[in-house]
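What follows is a single structure, written as structure tokens, with notes after it.
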Amino acid sequence: MIARSPTGAALLVHLRAEVMHRSYPILGETLRRIEYLTTHTSIADLASIILQDQGFMAIVLHAADKLNTGSRPIITITRAILIAGYNAIRDLGIAAEIADIAEKRLPKSIHLKHLLTKAVLAAHHAGQFRFAQNLPDSEESSTRALLYTTDELTLALHAPDLYAQIEASVLSRGMSYEDAHTHVTGLNPAQVIKVFSELNGLPAEFFTIPLDWHQPHTWTAEQRQHGTIHLANAFAQNRLAPSSPETTRAYDDLVAQASQALDLAQPVVNTCLKTAWSTLLKRSPEMPLIRADPPDVEKARAVLNEAASPQSIPAVQQLILELTQHVNEAPDFNTMIGSQERAERYVRLRD
């Protein structure tokens, strides 16, 4: 049985500890390529492989940030490789957990490789949209697109019960992912992404830039890039979602939105999406390139009913989270245990 995860501020404490001390899983194909490429290829080719794997990109960025002696954040994989070095990249790949193995310890409703596929497809979408807009190829843009859904990967790995509830809420209650995320966790996706950003030396605005979708012509270059990445991920979500009339209507709406926001004709948008899909087929043959299973509303309701039961996370675990949060906010040990009630509670739990 999966242990209950905390919510709200305690969830941020839990995720920070998990992300800090446990690496993300990588695809088996990535490991096989990395072992060969670190001795037989150029930095550009190695970067291209890493840009096909959301988990390994997160690992490499984190390692390079620890070695970074400059004030400028590392936002491209090429720079991360230069800082970390070939040998370190190879060792990181060997030490990482393979996605197939990691998926086995998660609830059956969570398909880890499906999440990784969606992220890579989004990165290809973003690259094609930039090309159609006559913008130069940008590794930073690819990095952003690939890591845009880091909150989903982080929750799926380190709070799988909450992620399953989010998915169930989207399915059985018709909620948006953002609303379901807030309802289940007490946080918005940006707060989870911020944990990842801070631990990897990335600027807080790397993934969260306000956009006025009613007036895209007023966007700055930075906002346009962010809008492109948002749409790229929305299309990836749609492409891998269960086929249904709702999915088809959502696709048509996204094409119209992308056409207006990016100032591209709708046939051009469709061509970008087809080219991105073909590129993914060619470069990432290991990816599970199929749509998600058809939705099962009854199973989704069962997940939510179980979550609503009075069972809670273990008392000792909850207390540790509370104390850790207090230390982070006001590191005064005397005030932390000054309450007689809390001190007695700790003694009871210890004994």
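The values are calculated or read from the model by the stated rules, or taken from the named source; none is laboratory data. Not measured: the values here are computed from a predicted model. Positions of Cβ are generated from backbone atoms using ideal geometry, with glycine treated the same way; all protein chains shown enter the neighbour counts.
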Item to complete: Give the number of residues within region 5-27 that are in contact with an Asp or Glu (Cβ under 6 Å, 6 or more places away or on another chain) and at pLDDT below 85.
Response: 1
Discussion item. Of the conditions (1) surrounded by 21 or more Cβ atoms within 10 Å (Cβ to Cβ); (2) outside the structural domain of residue 280 (by TED's automatic domain parsing), residue 13 satisfies every one except a single condition; which number is it?
Written reply: (2)
Worksheet, complete the sentence: Of the conditions (1) modelled with pLDDT under 85; (2) of a type in the set (Lys, Arg); (3) surrounded by 15 or more Cβ atoms within 10 Å (Cβ to Cβ); (4) over 17 Å from the mean Cα position of the chain (by Cα), the single one that residue 79 does not satisfy is (1)
Worksheet, complete the sentence: Quick count over region 191-202, residues being assigned to a helix (DSSP H, G or I) and surrounded by 15 or more Cβ atoms within 10 Å (Cβ to Cβ), is 8
Discussion item. If I go through region 159-187 residue by residue, how many of them are at pLDDT 90 or above, assigned to a loop (DSSP other than H, G, I, E, B) and closer than 23 Å to residue 241 by Cα?
Written reply: 1
Worksheet item: Within region 203-225, is even one residue over 24 Å from residue 258 (Cα atoms) and either aliphatic (A, V, I, L, M) or surrounded by 13 or more Cβ atoms within 10 Å (Cβ to Cβ) (or both)?
Response: yes
Worksheet item: Quick one: would you say residue 192 is within 25 Å of residue 68 (Cβ to Cβ), at pLDDT 85 or above, of a type outside the set (Gly, Ala, Ser) and within 14 Å of the chain's Cα centre (by Cα)?
Response: yes
Discussion item. If residue 182 meets every condition in (1) out of contact with any Ser or Thr (no Cβ under 8 Å at 6 or more places or on another chain); (2) crowded, with 20+ Cβ neighbours inside 10 Å apart from one, which number is that one?
Written reply: (2)
Discussion item. Looking at 46, 61, 106 in this structure, which one is surrounded by fewer than 22 Cβ atoms within 10 Å (Cβ to Cβ), touching a residue at least 12 places away in the same chain (Cβ under 8 Å) and either in a helix (DSSP H, G or I) or not charged (D, E, K, R) (or both)?
Written reply: 106
Item to complete: Starting from residues that are without any contact (Cβ under 8 Å) to a residue 60 or more places away in the chain and under 25 Å from residue 52 (Cβ atoms), keep the ones in region 156-176 and report whichever is surrounded by the fewest Cβ atoms within 10 Å (Cβ to Cβ).
Response: 156
Worksheet item: All but one of (1) under 12 Å from the mean Cα position of the chain (by Cα); (2) hydroxyl-bearing (Ser, Thr, Tyr); (3) outside any helix (DSSP H, G or I) hold for residue 154; which doesn't?
Response: (3)
